[in-house]
Amino acid sequence: MPVADEILASVEWAPNQPPAELPRQERLRRIRHSASHIMAQAVRELFPAAKLAIGPPIENGFYYDMELPRALTDDDLPEIEKRMRRIVGRDPQFFRATLARPRAMELFREWNQPYKIELLEGIKDAEVSLYKQDRFVDLCAGPHIAQGGVCGHFKLLSLAGAYWRGDEHNTMLQRIYGTAWETEAELAEYLQFLEDSKARDHRKLGLQLDLFSFHPWAAGCPFWHPRGLTVREELRRLWRETHTRAGYIEIMSPVIYRKELFETSGHWAHFRENMFLVQEGETAAAEGPTMALKPMNCPDTMLFYKTRQHSYRELPLRISQGQLLHRNEPIGTLHGLMRARVFSQDDAHIYLHEDQIQEEIVRVLELLHEIYSYFGLRYSITLSTRPENSMGEAALWEKAEAGLRQALSGLKLDYKTDAGGGAFYGPKIDVMVHDSMGRQWQCGTVQLDFNLPRRFELEFIDRDNQARTPVVIHRALFGSVERFLGILIEHFAGALPTWLAPVQALVMPIAEGQEAYARTVLERCQAAGIRAEITPADSKIGYRIREAELHKIPYMLVAGKREAENGSVSVRTYQEKDRGAMAVGDVVAEIVKKTRERTLDVTVKDYSALFRTEAAGEAAPAY
């Protein structure tokens with residue numbers, strides 16, 4: 001009897017028995033892990049000499065790395081899928097067994113599975129676990145489902161190369177990616193999500209909508225086109241208006257400073273690798289960099305505070321600034337507007353007395369809620385506490401963390417805790433925006449800081465005429481304006497609300513004879529403050545409408561002979577399509593009202609339910 005058969009005959013296989021109830025994400029994880037085993041089984045049927053490496057579940061799917069006798073192509077995926085469906089159709093039971101590690105090495109050595117042998121060599125336990133379905137046996141820690149029929153809603157997606165253990169000195173393996181879901185409807189929606197994700201990529205839409213571009217000579221630094229700059233400035237207008245009402249003053253400071261500023265703030269020691277360093281003067285080469293472009297606004301806002309003496313009567317003193325910042329992000333991490341080397345933060349620093357902390361944090365979070373409501377954005381909150389590379393006394397950190405917790409409790413806001421995720425100078429509240437693609441983005445932040453005011457020797461004169469050190473709240477609501485705009489573009493699939501759209505209305509004469517009337521419509525729109533443009537009547541109206549929709553223009557105002565006679569326009573909107581004839585004054589008033597009120601007049605396909613963790617009241621099958 002071959003050694004492998006002897007070993008397998010001695011093994012006691014137990015049917016895999018998951019718990020009676022599992023959260024949805026854990027059910028999906030087990031389905032995807034089991035689907036990777038079924039895929040490996042199908043590949044072994046096609047290529048008996050296949051050498052298998054690892055096949056884990058990943059976010060929204062699974063993969064398996066393997067060494068094969070030939071390179072796979074996309075044409076191979078349908079045959080692998082076909083064999084997987086045969087296996088799933090048999091609804092094979094998954095079994096689990098344990099085996100002494102030396103015996104497991106004998107087993108996989110006879111099967112000529114060198115990657116499994118290497119994995120076993122790295123395991124210190126005396127026994128290892130094996131899983132099998134049909135006659136396919138794999139080294140695996142689990143967990144898995146009970147029956148393979150549950151894995152029927154799957155799709156193989158792509159092929160890639162992957163170095164064994166991620167080391168480029170090792171063999172290049174072939175990786176097959178797939179996805180699996182609980183229902184066919186979820187699978188279909190996810191496949192549509194993948195297609196939609198490509199179309200919603202803000203870098204692609206940035207070019208399609210003529211908003212911004214990038215050039216390798218300015219790696220990670222966006223070029224803002226006129227339309228993109230318009231959108232950017234509309235965001236800043238919202239920021240200024242809301243902050244002025246909330247009692248903030250705005251300043252503007254230099255973007256380059258000597259290193260002494262950053263040594264005082266702690267950035268030179270804790271953040272230097274992310275800063276653009278600059279030499280000052282011809283003799284600076286021997287001394288090394290002596291200046292830097294500022295990566296954030298906190299240090300120089302401290303300098304502004306110190307320009308004069310302050311009284312407790314001025315506190316809270318709310319200081320905002322939104323100029324360009326520079327960070328030396330690694331090339332490999334750059335991603336359009338989402339991670340750029342030049343960006344603006346809607347920053348503010350609030351100087352206050354300790355007894356004002358709770359009330360002021362409440363005000364900040366209320367302002368954040370107001371701003372996010374204009375975009376219909378949902379969000380969640382994380383409290384990030386003291387990191388390992390923190391500066392300052394432990395007692396100050398404890399006081400700051402307690403202050404943030406009390407503010408969140410006072411607002412009755414649910415939050416998670418990220419232990420060690422705070423800034424090096426203070427703990428923070430991070431606000432995670434949930435977009436329509438089911439993703440989360442860290443945007444807003446509220447940081448409570450007892451340390452920097454002491455390092456900069458800031459003071460105010462208190463009620464008892466004694467000098468005391470203020471507390472500082474660092475906060476941003478958009479976070480990076482560029483990143484926030486990138487999120488909005490993908491969230492809305494490029495179809496921005498009318499108030500934010502770079503071109504709000506496009507006037508289109510049907511024929512050359514109506515151009516004079518169309519220009520009067522354009523002038524009425526522009527006189528009302530509407531961002532309107534006109535198209536020449538040099539092509540068919542249907543073509544121009546399609547072009548306007550490609551650029552996601554909210555309002556298309558078609559002017560023909562009949563409209564000219566009636567003082568009207570035929571209105572077509574990106575969201576509602578053909579709305580028929582309207583008086584010019586009525587459509588102008590509608591657009592003006594939407595702009596003034598910043599109406600959220602767009603709807604997009606929202607995939608967030610697909611990525612839910614568990615629906616309320618949902619039954620939890622035993623997968």
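The values are calculated or read from the model by the stated rules, or taken from the named source; none is laboratory data. As the structure is a prediction and not an experimental result, all values here were calculated from the model. Using ideal geometry, Cβ is built from the backbone for each residue, glycine included, and neighbour counts are taken over all protein chains shown.
Which pairs have Cβ atoms under 8 Å, sit 6 or more apart or on different chains, and link a residue in region 189-207 that is within 18 Å of Thr179 (Cβ to Cβ) to one that is in a helix (DSSP H, G or I) and of a type outside the set (Lys, Arg)?
Glu189/Leu610; Tyr190/Leu610; Phe193/Leu610
Using beta carbons and a limit of 9 Å, which pairs, at least six apart or on different chains, have the first residue in region 352-380 and within 17 Å of Arg318 (Cα to Cα) and touching a residue at least 60 places away in the same chain (Cβ under 8 Å) and the second one surrounded by fewer than 14 Cβ atoms within 10 Å (Cβ to Cβ) and among the hydroxyl-bearing types (Ser, Thr, Tyr)?
none
Please enumerate the residues belonging to region 111-127 that are part of a helix (DSSP H, G or I) and not hydroxyl-bearing (Ser, Thr, Tyr). Steps first, please.
Residues of region 111-127 that are part of a helix (DSSP H, G or I), as a first pass: 114-121.
Scanning region 111-127 gives Pro114, Lys116, Ile117, Glu118, Leu119, Leu120, Glu121.
Being in a strand (DSSP E or B), among the hydrophobic types (A, V, I, L, M, F, W, C) and in contact with a Lys or Arg (Cβ under 8 Å, 6 or more places away or on another chain) is the filter here, so list the residues in region 426-448 that pass it.
Val433, Trp441, Cys443, Val446, Leu448 - these are the residues of region 426-448 that are in a strand (DSSP E or B), among the hydrophobic types (A, V, I, L, M, F, W, C) and in contact with a Lys or Arg (Cβ under 8 Å, 6 or more places away or on another chain).
Kindly indicate whether Ile54 is outside any loop (DSSP other than H, G, I, E, B), closer than 22 Å to Leu119 by Cβ, assigned by TED's automatic domain parsing to the domain that holds Thr98 and touching a residue at least 40 places away in the same chain (Cβ under 8 Å). Outline the logic, then answer.
Values: outside any loop (DSSP other than H, G, I, E, B): no; closer than 22 Å to Leu119 by Cβ: yes; assigned by TED's automatic domain parsing to the domain that holds Thr98: yes; touching a residue at least 40 places away in the same chain (Cβ under 8 Å): yes.
No: the conditions fail for Ile54.
Report, by residue number, each residue of region 345-378 that is crowded, with 17+ Cβ neighbours inside 10 Å and in a strand (DSSP E or B).
Within region 345-378, Gln345, Asp346, Asp347, Ala348, His349, Ile350, Tyr351, Leu352 qualify.
Within region 506-598, considering only strands (runs of 3 or more DSSP E) that don't extend past its boundaries, which have at least 1 residues that are in contact (Cβ under 8 Å) with a residue 24 or more places away in the chain?
So the answer is 532-534, 555-559, 568-573.
With the checklist (1) under 20 Å from Gln133 (Cβ atoms); (2) under 34 Å from the mean Cα position of the chain (by Cα) in hand, flag the one item Val43 doesn't pass.
Checking Val43 against (1) under 20 Å from Gln133 (Cβ atoms); (2) under 34 Å from the mean Cα position of the chain (by Cα), the one that fails is (2).
If the Cβ limit is 6 Å and pairs must be 6+ apart or interchain, which residue in region 301-327 that is assigned by TED's automatic domain parsing to the domain that holds Pro222 and within 20 Å of His243 (Cβ to Cβ) pairs with which residue that is among the acidic types (Asp, Glu) and surrounded by fewer than 19 Cβ atoms within 10 Å (Cβ to Cβ)?
Going by the 6 Å Cβ cut-off, the qualifying pairs are Ser320/Glu250.
Suppose we keep only residues that are among the acidic types (Asp, Glu) and under 36 Å from the mean Cα position of the chain (by Cα) within region 64-91. Which one would you say is surrounded by the fewest Cβ atoms within 10 Å (Cβ to Cβ)?
That would be Asp75.
From the list Leu337, Leu303, Leu325, which one is part of a strand (DSSP E or B) and farther than 20 Å from Glu401 by Cβ?
None of the other options fit; the residue is Leu325.
Of all residues in region 394-410, count the ones that are in contact (Cβ under 8 Å) with a residue 40 or more places away in the chain and surrounded by fewer than 15 Cβ atoms within 10 Å (Cβ to Cβ).
Residues flagged as in contact (Cβ under 8 Å) with a residue 40 or more places away in the chain and surrounded by fewer than 15 Cβ atoms within 10 Å (Cβ to Cβ) within region 394-410 amount to 2.
For region 105-123, name all the residues that are touching a residue at least 60 places away in the same chain (Cβ under 8 Å) and either within 19 Å of Arg44 (Cβ to Cβ) or within 39 Å of the chain's Cα centre (by Cα) (or both). Steps first, please.
Start the filter on region 105-123 by keeping residues that are touching a residue at least 60 places away in the same chain (Cβ under 8 Å), which leaves 106-107, 110-116, 119.
Within region 105-123, Leu107, Glu110, Trp111, Asn112, Gln113, Pro114, Tyr115, Lys116, Leu119 qualify.
From the set of residues in region 450-460 that are touching a Lys or Arg at 6+ places or on another chain (Cβ under 9 Å) and buried (at least 21 other Cβ atoms within 10 Å of the Cβ), which is nearest to Phe424 (Cα to Cα)?
Phe450
Could you tell me which residue of region 1-22 is nearest to Ala97 (Cα to Cα), considering only residues that are assigned to a loop (DSSP other than H, G, I, E, B) and of a type in the set (A, V, I, L, M, F, W, C)?
By that ranking, first place goes to Trp13.
I'd like to know if region 361-377 contains one or more residues that are under 18 Å from Ile473 (Cβ atoms), over 22 Å from the mean Cα position of the chain (by Cα) and either among the hydroxyl-bearing types (Ser, Thr, Tyr) or modelled with pLDDT under 80 (or both).
no
Return the residues of region 165-202 that are among the basic types (Lys, Arg), in the same structural domain as Ser34 (by TED's automatic domain parsing) and under 25 Å from His335 (Cα atoms); say none if nothing qualifies.
Arg175
In this structure, does Ala467 turn out to be over 30 Å from Asp435 (Cβ atoms), free of Cβ contacts under 8 Å to residues at least 24 places away in the same chain and not β-branched (Val, Ile, Thr)?
Yes, satisfied.
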